[in-house]
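Here the structure is laid out as structure tokens; the discussion comes afterwards.
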Amino acid sequence: MYDKQIEYHSDNAWKRYISIDLGELYRCVDGFLNLRDLVIRQISDKTIGQLIEESNIWRDVFFGGFKADESNPYYENALARFYDECFGIGVENINSIISRLKEGSSLESATEDIKPKIKEETQIVKKLSELRPKLEAIYKMLSGIVDKPDAKEYRIDDSFFGLNALKDVLNAGKRLLPLYNPLSFFIMSIYSIPRFYIEDAYPKLFKDETKKVLEKYDIRIVKLLEPDLRDEKIRNERAVIGLSNGCVGYLIRDVILDIYSLFQIDSLVKFFNVEDEFAKFVKINAGKLRESMVVDQFLEIINKIRSTDWTEYIEPQRCKVFNNFRFYYAYKYGQDQSHRGKIESGIVRIGYDGKIKLNYTEFFAFLAPIMFLGLAYVKPVSEKEFTWCCLLGWEQ
């Protein structure tokens with residue numbers, strides 16, 4: 001039971017989570033994107049030479065870590081490389097500038113006619129631009145309950161302004177991840193989960209007081225699926241419940257997945273001491289899954305899931321693999337590539353054309369602890385059809 005570890009039933013806990021934990025992420029994301037807009041406005045009508053004459057800040061922004069080598073103009077973790085790859089501003093015609101420098105020109109004169117290169121977006125800018133409207137939607141939906149935070153203000157007063165702003169985003173995002181934040185863990189655990197499993201984990205979940213708290217913050221839990229059986233009591237006991245599509249809880253889960261994908265952007269490793277936070281979460285929890293489940297009891301189900309290898313139907317480059325762990329049916333990293341299942345009486349059909357049959361109760365009994373960790377899910381498509389995925393590799 002997690003009632004003492006996770007204050008999912010506490011109004012004050014949710015208010016702190018939305019206003020402080022989530023709020024800090026919003027402040028930093030909004031602040032970073034506003035800062036980038038400010039920088040672009042300041043540099044777009046000037047040459048690099050003019051900017052360098054104005055301030056040494058711009059010398060570092062465009063040439064920090066510069067080594068004047070045509071084949072590789074910057075060191076791997078150069079400050080200028082950060083601004084180019086992450087922030088989206090850099091230098092056009094760098095080889096021309098190097099040639100002028102070799103002829104004896106000063107940096108100011110070598111760049112007096114060179115305009116800054118402004119990228120429409122980078123991987124990081126794209127991800128944060130997708131994240132901001134989700135956060136804005138959450139605060140709009142909770143208007144009158146929690147105030148929307150103001151954007152964090154940044155000044156261009158040293159050459160590390162962009163680096164520091166992105167560092168703030170990463171720190172705020174990391175604090176929100178399930179490994180470090182109990183309420184984020186709760187959100188991931190109730191995205192979709194068999195009722196019989198979640199009632200044991202969260203005994204207060206279906207109490208009226210808890211329902212009122214969750215409904216206040218628009219964390220709405222609904223029935224997603226149930227076996228196609230006549231006995232209503234059995235249908236309810238074995239139903240899969242989860243977050244209602246579009247509610248605040250649903251959007252928070254989306255935000256968490258976006259944070260995971262942010263920590264998987266390769267260019268960040270050069271400039272920050274970051275890890276793939278999702279891989280870290282899986283490695284830590286793989287042992288817990290092995291301890292909590294009798295794997296031999298589910299070998300038939302595991303083998304049938306493996307026989308539906310989704311890489312036959314999805315391009316291999318979209319298959320997220322690390323170490324021995326692999327997502328079957330494409331866990332959501334920005335794109336939901338899940339495959340379908342279908343319920344027929346007490347049977348679940350999966351795989352190509354639904355040729356693989358599994359017992360409904362056994363199938364969801366296997367998925368339940370994986371779902372609880374947020375490493376598997378089902379998503380209804382119709383009353384009897386659903387998309388789904390789960391992570392395998394931990395059982396080996």
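Residue by residue, what Karplus-based ³J(HN,Hα) values in Hz, rounded to whole numbers, does segment 163-168 have, using 6.51, -1.76 and 1.60 with θ = phi - 60° and x for Gly and Pro?
Karplus-based 3J(HN,Hα) across segment 163-168 equals 4, 5, 5, 6, 4, 4 Hz.
Can you find, among Gly23, Ser382, Ile156, the residue sitting farthest towards the positive end of the charge dipole of the chain, where Lys and Arg contribute +1 and Asp and Glu -1 at Cβ?
Comparing the listed Cα positions along the dipole, Ser382 ranks first.
Once fully extended, how much extra length lies between Asn34 and Glu121, figured as 0.36 nm per residue of separation less the alpha-carbon to alpha-carbon distance?
Contour length minus the Cα-Cα distance gives 30.0 nm.
Rounding to the nearest 10 and keeping the result within 0 to 90°, find how far the Cα-based axis of helix 277-292 lies from the longest principal axis of the chain.
20
Under 13 Å from the Cβ of Ser19, count the other residues' Cβ atoms, weight Lys and Arg +1, Asp and Glu -1, and hand me the total.
Residues near Ser19 contribute -1 overall.
Please name which of Leu391, Ile221, Ile145 has its Cα lying farthest along the dipole of the chain towards the positive end, using unit charges on Cβ (Lys, Arg +1; Asp, Glu -1) and the Cα centre as origin.
Ile221
What is the distance in Å between the Cα centres of segment 124-175 and segment 30-76?
22
Relative contact order for the chain: what percent, with Cα pairs under 8 Å and sequence separation of 6 or more?
17
Compute the Rg to Rh ratio over segment 252-307 from the alpha carbon atoms, using the Kirkwood formula for Rh, and round to two decimal places.
The Rg/Rh ratio comes out at 1.15.
Assign one of three labels to segment 177-392, namely rounded, prolate or oblate, based on the Cα gyration tensor with a ≥ b ≥ c the square roots of its eigenvalues; rounded applies when a/c is under 1.5, prolate when it is not and a/b is larger than b/c, and oblate otherwise.
Cα axes put segment 177-392 in the oblate bin.
At 222 nm, what value in deg cm²/dmol follows for the chain if DSSP H runs of at least 4 each add -39500 (n - 2.57) and the sum is divided by all its residues, to the nearest 500? Could you put the intermediate results ahead of the total?
Values: 18 runs with 181 residues, N = 396.
Value at 222 nm, helices only, nearest 500: -13500 deg cm²/dmol.
Restrict the search to segment 1-65; then list the trypsin sites (Lys or Arg not before Pro) that DSSP places in a loop and that have at most 16 other Cβ atoms within 10 Å of their Cβ.
Values: sites: Lys4, Lys15, Arg16, Arg27, Arg36, Arg41, Lys46, Arg59; in loops: Lys4, Lys46.
Sparse-neighbourhood loop trypsin sites (Lys or Arg not before Pro): Lys4, Lys46.
List the residues whose amide H sits under 5 Å from the amide H of Leu224, counting only those 5 or more places along or on another chain, with H placed 1.01 Å from N in the peptide plane.
Counting only residues 5 or more places away or on other chains, the set is Val240, Ile241, Gly242.
Evaluated at 25 °C with a viscosity of 0.890 mPa s, what Stokes-Einstein diffusion coefficient in µm²/s does segment 145-203 have when Rh comes from the Kirkwood expression over alpha-carbon pairs?
166
Which of (i) 5, 23, 34, 25, 10, 2, 0; (ii) 4, 20, 26, 21, 14, 9, 4, 1, 0; (iii) 4, 21, 30, 25, 14, 4, 0 is the computed P(r) over Cα pairs in 10 Å bins from 0, in percent for the structure on display?
(ii)
Which entries of Lys140/Lys211; Lys15/Lys174; Lys119/Lys152; Lys288/Lys384; Lys152/Lys288; Lys134/Lys207 have Cα-Cα distances beyond 27 Å here?
Values: Lys140/Lys211 21 Å; Lys15/Lys174 19 Å; Lys119/Lys152 23 Å; Lys288/Lys384 32 Å; Lys152/Lys288 39 Å; Lys134/Lys207 29 Å.
Where the Cα-Cα span goes over 27 Å, the pairs concerned are Lys288/Lys384; Lys152/Lys288; Lys134/Lys207.
Determine the dipole magnitude for the chain: charges of +1 sit on the beta-carbon of Lys and Arg, -1 on that of Asp and Glu, nothing else is charged, the reference point is the Cα centre, and the result goes in debye to the nearest 20.
On the way: 57 positive and 61 negative charges, 228 e Å.
Dipole about the Cα centre, nearest 20: 1100 debye.
Can you work out the Karplus-derived ³J(HN,Hα) for every residue in segment 248-258? Use 6.51 cos²θ - 1.76 cosθ + 1.60 with θ = phi - 60°, whole Hz, and x for glycine or proline.
For segment 248-258, the Karplus curve yields 4, x, 4, 5, 5, 4, 4, 4, 4, 5, 5 Hz.
What residue among Met371, Met188, Met141 shows peak mean-square fluctuation when the chain is described by a Gaussian network model with Cα springs under 10 Å?
Met141
How large is ³J(HN,Hα) for each residue in segment 97-102, as worked out from phi by the Karplus curve 6.51 cos²θ - 1.76 cosθ + 1.60 (θ = phi - 60°), to whole Hz, x for Gly and Pro?
5, 4, 4, 5, 4, 5
Bear in mind these aren't lab numbers, they're just calculated from the coordinates by the rules spelled out. Since the structure is predicted, the reported quantities are computational estimates derived from the model, not experimental observations. Neighbour counts are summed over all protein chains in view; Cβ atoms, including those assigned to glycine, are modelled from backbone coordinates with ideal geometry.
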